[in-house]
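Novice: What follows is a single structure, and I will ask about it in a moment.
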Amino acid sequence: MQVDTMKLIAGMDKLSSVPVVYNELDEAIRNMRVSASHISSIISKDTGLTARLLRIVNSAFYSFPRKIDTISRAVIIVGTQQLRDLALATSIISSFKDIPENRITVESFWKHSIACGIAARCIAGYFKEPNIERYFVAGILHDIGRIVLVTKAPDLAEEIFRNADRTGQPLFLAERAVMGCDHGAIGSDLVRLWQLPRCYEEIIGFHHQPNQADLYKLETSVVHIADVIAHAMMLGNSGERGVPPVYEEAWKETGLSVDLLPYIMDTVEKQYHDSVNGFIFN
């Protein structure tokens, strides 16, 4: 069986304001003469988004010494590109609140995604990446295809879960056995439909097989490892019952030392528990 992923995501380009918020901010940021006040005015149109962003920037996610009480100040301190990416992440989370809660609850799903994003952000900081929020967004989005699957094709999703139960294999392998692709392919097609940057297509599409990434192999490897860390720490759950296998090539691509794992996990633990409610419940 080969599932048509484009049929699954049909109509999802109209989903809430997910691409609109990002694209409006991105267009403004590309205009080098745009002021911080203009950026903040775009964000402030959405009171829910404003509240979420202020709660996040005042959490352990950033650990700023003083409270940031306005979006204008957040733009100046956090940065325009970083705030744009945070706005994208929180907008997507808030748009997927009503999913069939049979095998996956919406809360546990996003908790796992946030933990993966924080781990990816932490690893990217080790590489001194200039915009580590891009890795956070990739972590948030890595399993978005599974949300599409359980929402748009619940019977097919249940067949996949039963296949995984019966065989004991990881859920992404059960997806491939049942429908000829995994949730990565669905998610990749969705972010392409949303016209998000190409890097997200590749990271999402290959986060379970990072060796197949082309232009963004390092980024894909980082999210792959972050996903495994989030599962190992049991922070939320996206449907997998165990910890997915780690590709050795991903370790080689990142050059990470196993000795760094305790530091990464400790950082994730601290940032996750203080910031997760800001992402999900505001």
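The values are calculated or read from the model by the stated rules, or taken from the named source; none is laboratory data. None of these values were measured; they are calculated from a predicted model. With ideal geometry, Cβ positions are generated from the backbone for all residues, glycine too; neighbour counts draw on all protein chains shown.
Novice: I need the full set of residues from region 121-136 which are part of a helix (DSSP H, G or I), touching a Gly at 6+ places or on another chain (Cβ under 7 Å) and aliphatic (A, V, I, L, M), in order please.
Specialist: none
Novice: Before we move on, is Ile225 modelled with pLDDT of 95 or more and either more than 18 Å from Tyr126 (Cβ to Cβ) or surrounded by fewer than 23 Cβ atoms within 10 Å (Cβ to Cβ) (or both)?
Specialist: No; evaluated as a whole, the condition is false for this residue.
Novice: How about region 39-59: which of its residues are surrounded by fewer than 13 Cβ atoms within 10 Å (Cβ to Cβ) and either of a type outside the set (Lys, Arg) or farther than 24 Å from Leu196 by Cβ (or both)?
Specialist: Those that are surrounded by fewer than 13 Cβ atoms within 10 Å (Cβ to Cβ) and either of a type outside the set (Lys, Arg) or farther than 24 Å from Leu196 by Cβ (or both): Thr47, Gly48.
Novice: Collect the residues in region 81-120 that are free of Cβ contacts under 8 Å to residues at least 24 places away in the same chain and assigned to a helix (DSSP H, G or I), keeping them in residue-number order.
Specialist: Val106
Novice: Please tell me if Glu248 is under 28 Å from Cys181 (Cβ atoms), among the charged types (D, E, K, R), in contact with a Ser or Thr (Cβ under 6 Å, 6 or more places away or on another chain) and surrounded by fewer than 21 Cβ atoms within 10 Å (Cβ to Cβ).
Specialist: Values: under 28 Å from Cys181 (Cβ atoms): yes; among the charged types (D, E, K, R): yes; in contact with a Ser or Thr (Cβ under 6 Å, 6 or more places away or on another chain): no; surrounded by fewer than 21 Cβ atoms within 10 Å (Cβ to Cβ): yes.
Here the answer is no, as Glu248 does not meet what is asked.
Novice: How do the helices (runs of 4 or more DSSP H) wholly within region 197-263 filter down when requiring 1 or more residues that are touching a Pro at 6+ places or on another chain (Cβ under 8 Å): which remain?
Specialist: Correct list: 217-232, 248-254.
Novice: Right, next: Filter region 251-269 down to the residues that are among the polar types (S, T, N, Q) and surrounded by 11 or more Cβ atoms within 10 Å (Cβ to Cβ) and list them by number.
Specialist: Once the filter is applied, which keeps residues that are among the polar types (S, T, N, Q) and surrounded by 11 or more Cβ atoms within 10 Å (Cβ to Cβ), region 251-269 yields Thr254, Thr267.
Novice: Okay, next question. How many residues are within 25 Å of Pro130 (Cα to Cα), touching an Asp or Glu at 6+ places or on another chain (Cβ under 9 Å) and of a type in the set (S, T, N, Q) if we restrict to region 85-113?
Specialist: Residues in region 85-113 being within 25 Å of Pro130 (Cα to Cα), touching an Asp or Glu at 6+ places or on another chain (Cβ under 9 Å) and of a type in the set (S, T, N, Q): 2 in total.
Conditions (1) over 18 Å from the mean Cα position of the chain (by Cα); (2) farther than 18 Å from Glu27 by Cα; (3) of a type in the set (Asp, Glu), marked per residue:
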{"site": "Ile42", "(1), (2), (3)": "yes, no, no"}
{"site": "Lys45", "(1), (2), (3)": "yes, no, no"}
{"site": "Leu54", "(1), (2), (3)": "yes, yes, no"}
{"site": "Ser59", "(1), (2), (3)": "yes, yes, no"}
{"site": "Pro65", "(1), (2), (3)": "yes, yes, no"}
{"site": "Thr70", "(1), (2), (3)": "yes, yes, no"}
{"site": "Val78", "(1), (2), (3)": "yes, yes, no"}
{"site": "Leu83", "(1), (2), (3)": "no, no, no"}
{"site": "Leu88", "(1), (2), (3)": "no, no, no"}
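So that you can scan it fast, the table gives a plain yes or no per residue for (1) among the aliphatic types (A, V, I, L, M); (2) within 19 Å of the chain's Cα centre (by Cα):
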site: His231; (1), (2): no, yes
site: Tyr247; (1), (2): no, no
site: Val268; (1), (2): yes, yes
site: Asn277; (1), (2): no, yes
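Novice: Residues in region 62-78: is at least one loosely packed, with under 15 Cβ neighbours inside 10 Å, among the polar types (S, T, N, Q) and at pLDDT 90 or above?
Specialist: Yes, some residue in region 62-78 is loosely packed, with under 15 Cβ neighbours inside 10 Å, among the polar types (S, T, N, Q) and at pLDDT 90 or above.
Novice: Now, a different point. Can you name every residue in region 112-133 that is charged (D, E, K, R) and touching a helix residue (DSSP H, G or I) at 6+ places or on another chain (Cβ under 6 Å)?
Specialist: Arg121, Glu133
Novice: In the list Val243, Val191, Val268, Val276, which residue meets the criterion of being at pLDDT below 95, over 23 Å from Leu86 (Cα atoms) and among the aliphatic types (A, V, I, L, M)?
Specialist: Values: Val191 fails: over 23 Å from Leu86 (Cα atoms); Val268 fails: over 23 Å from Leu86 (Cα atoms); Val276 fails: over 23 Å from Leu86 (Cα atoms).
Going through Val243, Val191, Val268, Val276 in turn, just one is at pLDDT below 95, over 23 Å from Leu86 (Cα atoms) and among the aliphatic types (A, V, I, L, M): Val243.
Novice: A further question on this structure: Assuming Ser35 fulfils every condition listed in (1) among the polar types (S, T, N, Q); (2) at pLDDT below 85; (3) over 22 Å from Asn277 (Cα atoms); (4) surrounded by 15 or more Cβ atoms within 10 Å (Cβ to Cβ) apart from one, which condition is it?
Specialist: (4)
Novice: Here is a follow-up. I'm checking my understanding of the structure. Among residues of region 142-184 that are under 22 Å from the mean Cα position of the chain (by Cα) and in a loop (DSSP other than H, G, I, E, B), which one is surrounded by the fewest Cβ atoms within 10 Å (Cβ to Cβ)?
Specialist: Per the stated criteria, the residue is Ala153.
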